[in-house]
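Inspection log for the structure reproduced underneath, given as structure tokens.
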Amino acid sequence: MLLNGNEVIENIDERNLSRELEIAKFRNYGRERFSDLIRYRISFEEFIRNTSNFYSIKLPLEISDYFIRADIAPYFIMSDATILKDVEELLLLKKNDYNFIANYREVKQFYYKWLIQKTPKEKLFFANSLINSVERNFAFQSFYNVFLYGIILTFDSNCYNPKRAIELFDRSIEIVNECNISPTIKNEVLYFINVYKGFTFLKEYEYLNSLETFKNSLKYNPNGVTAFFYCALSARYIDDFDLSYDYLRSIIEYDKTRFKFAINYNHLDLFNFFYKNAIFYHVFTENGFAQLLPDIDFMIRSLYSGEANSMEKTYSKLINLDNLRIKEFFTDEVVREIKFLKNALDQYKFKKTGLIRIVEQIFRDKLVTVIEYIRNLIETHYFEQIKEEINIFDRQIDQNKRQLVRIKHELEDANKKIRMNLDEAAKYLEETITERSTFLEQKIENLDKNPKFNASQVFYSSFVFTIVVSFIIMFVLGIITSISGFSDEIASTNLAIKTGLRWGGVTFVLGTFISIFTTFSSFWEKAAEKRRLVNQLNKVKESESMEREHIHEDSDRKAKIYEQKFKDRIKTQEKIIENFISEREQNYNHKYNLARKEIEEYITPLNELLESF
């Protein structure tokens, strides 16, 4: 059965009423929990002041994205954002390769005038001025000019043309991709163009397209918090509550990371800025998140420290720490940490609104880290003193160990020297034996060449001598006989001849026998000499092994003497080292126990503080 008209109107009214109650509850939750931290309206001057403060500090890439709220997105173009300065420097570069026409300053001036005008008529005038400036030579316009053109068509109600705006953003993206610029600058520019393109889809209620566009922007800046925020809102409008919740979680984690950064670097002004301008507060400016209120409440509570008035308790423990008599151990770093915590906790300890319950845990963790660091400083202080005193023993031990090494090296050198002497003696012996053996062998080989042992030469020499002697005897005796013989000259001469021949012949015969004997005796002498030389050679060779054995025995004897001598020195040195090690150990244990007692007196209160967390 179809509903009648009254029933339909009644259902619509009920749905609208339910929606209004949901939004009212959502806004009331925001007011109660975040009070004046939620800014529904932000002036141009306030926005510029905030961005100027934000970009005056160099932040890590992970937390360097400034949140651009859709309703004030046009303001961002006039901010001090680093990427805008990079783009301006790029566009004003002389002889650039991008073939852009030089009307950057003109277009920017028109945009600024459009932005600050109060009346629709004046705004329309400067909007049209910008549009006309860009439309002239449109094909040669820079991505920046085309981008501003798209923003005008998106955010100026009199010029509103979302379809054309999308085309302009796409054209701007196309130009950027064609430019040969730094990848870092290119990615940042593409991120912002896609964000503004997403705003256009969002204004046209094309939530699927806006979600995809914001997701696409994250390809160029994975830490883009603006994209996180509007991905969450787009996902909510298409009723993908889980995805919306995940992106909202990313936003609050992003804020938490910023808080940690400022706290870790003891930057109170930066923490104040991040706390007052947390991105998550902007969630309550978007009524589209009203249906997610229970999930948002659960998310916030899940990040609580889990203890009420935790900030006050942390501050109280900090004061207790500061009152302990341990300041003598504080380094400049500890003093700075405590000073920061004292100032920060004193400023925020009574706050009940905002994300204070999330910040409490970060402050508490920092205080715990400081206490643990102080405890380590105290232990290090005493242990360093012990180390300095023990180092005296260590130096003595090292010195004696080096002496032990030197002794061992001396032993090795002595053994090496003995081995070298042994080798030299063996080599000298070998050379001597070889020389003597060679001399005797040569004498044996040259026996035949010795005239003394040459039989034919001996016989010849002896026989010649016999003939000479025979003739001498024959003449001498013949003359003697002739003188003392007969008066008859003829008879005397004959007698002399006969006598000389007789005795000369006798002498010849005897000399011949003697020559023959001498010849045979040369054979005997040669054989005897050869036997004598061979015996000498054999004795020389036999003496080599004996000499070698004697050299080795002498070398072994010296080696044993040296080894025993060095073993005694090594044993003495090792005993000295053992005594030093034992004395060092006793000294260390004694000083360690004393130090531990003193350390315990100081760190016991610190441990009690840590246990109280």
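Just a yes or no: is a residue in the range 402-422 at pLDDT 80 or above, open to solvent by 30 Å² or more (accessible area, probe 1.4 Å), over 30 Å from Glu553 (Cα atoms) and charged (D, E, K, R)? Scanning the range 402-422 turns up at least one residue that is at pLDDT 80 or above, open to solvent by 30 Å² or more (accessible area, probe 1.4 Å), over 30 Å from Glu553 (Cα atoms) and charged (D, E, K, R).
I want to confirm something. Restricting to the range 29-69 and keeping residues that are out of contact with any Phe, Trp or Tyr (no Cβ under 6 Å at 6 or more places or on another chain) and small (Gly, Ala, Ser), which single residue is farthest from Lys256 (Cα to Cα)? The selected residue is Ser43.
Quick check on Ser133: is it over 46 Å from the mean Cα position of the chain (by Cα), without any contact (Cβ under 8 Å) to a residue 24 or more places away in the chain and over 25 Å from Tyr191 (Cβ atoms)? Let's see the steps before the verdict.
Values: over 46 Å from the mean Cα position of the chain (by Cα): yes; without any contact (Cβ under 8 Å) to a residue 24 or more places away in the chain: no; over 25 Å from Tyr191 (Cβ atoms): yes.
So Ser133 does not fit the description; no.
Filtered by the rule that a residue be within 15 Å of Val134 (Cα to Cα) and either without any contact (Cβ under 8 Å) to a residue 24 or more places away in the chain or in contact with a Pro (Cβ under 9 Å, 6 or more places away or on another chain) (or both), the range 164-184 gives Arg164, Glu167, Leu168. Listed by first and then second residue, the pairs linking a residue in the range 340-353 that is touching a residue at least 60 places away in the same chain (Cβ under 8 Å) and open to solvent by less than 40 Å² (accessible area, probe 1.4 Å) to a residue that is among the polar types (S, T, N, Q) and part of a loop (DSSP other than H, G, I, E, B), with Cβ atoms under 6 Å apart and 6 or more places separating them unless they lie on different chains, are Phe340/Asn266.
The residue pairs whose first member lies in the range 388-407 and is within 14 Å of Ile570 (Cα to Cα), whose second member is open to solvent by 80 Å² or more (accessible area, probe 1.4 Å) and part of a helix (DSSP H, G or I), and whose beta carbons are closer than 6 Å, counting only pairs six or more residues apart or on different chains, are Ile407/Arg569. Restricting attention to the range 156-192, report how many residues are surrounded by 24 or more Cβ atoms within 10 Å (Cβ to Cβ) and more than 14 Å from Asp86 (Cα to Cα). Total satisfying the criteria: 4. Taking the range 260-302 as the range and being without any contact (Cβ under 8 Å) to a residue 60 or more places away in the chain and aromatic (Phe, Trp, Tyr) as the test, the residues that pass are Tyr265, Phe274, Phe298. Evaluating Glu611 against the criteria (1) at pLDDT below 80; (2) open to solvent by 60 Å² or more (accessible area, probe 1.4 Å) leaves one unmet condition, (1).
For the range 292-301, the condition of being within 41 Å of the chain's Cα centre (by Cα), under 30 Å from Ala232 (Cα atoms), among the β-branched types (Val, Ile, Thr) and open to solvent by less than 30 Å² (accessible area, probe 1.4 Å) holds for none of the residues. Among the numbered criteria (1) open to solvent by 20 Å² or more (accessible area, probe 1.4 Å); (2) under 24 Å from Asn187 (Cα atoms); (3) part of a helix (DSSP H, G or I), which single criterion is violated by Ile152? Of the numbered conditions (1) open to solvent by 20 Å² or more (accessible area, probe 1.4 Å); (2) under 24 Å from Asn187 (Cα atoms); (3) part of a helix (DSSP H, G or I), the odd one out for Ile152 is (1).
The values are calculated or read from the model by the stated rules, or taken from the named source; none is laboratory data. No experiment lies behind these values; they were computed from the predicted model shown. In this analysis, Cβ positions are derived from the backbone assuming ideal geometry, glycine residues included, and neighbour counts consider all displayed protein chains. Heads up: the accessible areas ignore ligands, DNA and RNA and are worked out on the full protein's heavy atoms, side chains in. Shrake-Rupley method; radii C 1.70, N 1.55, O 1.52, S 1.80 Å.
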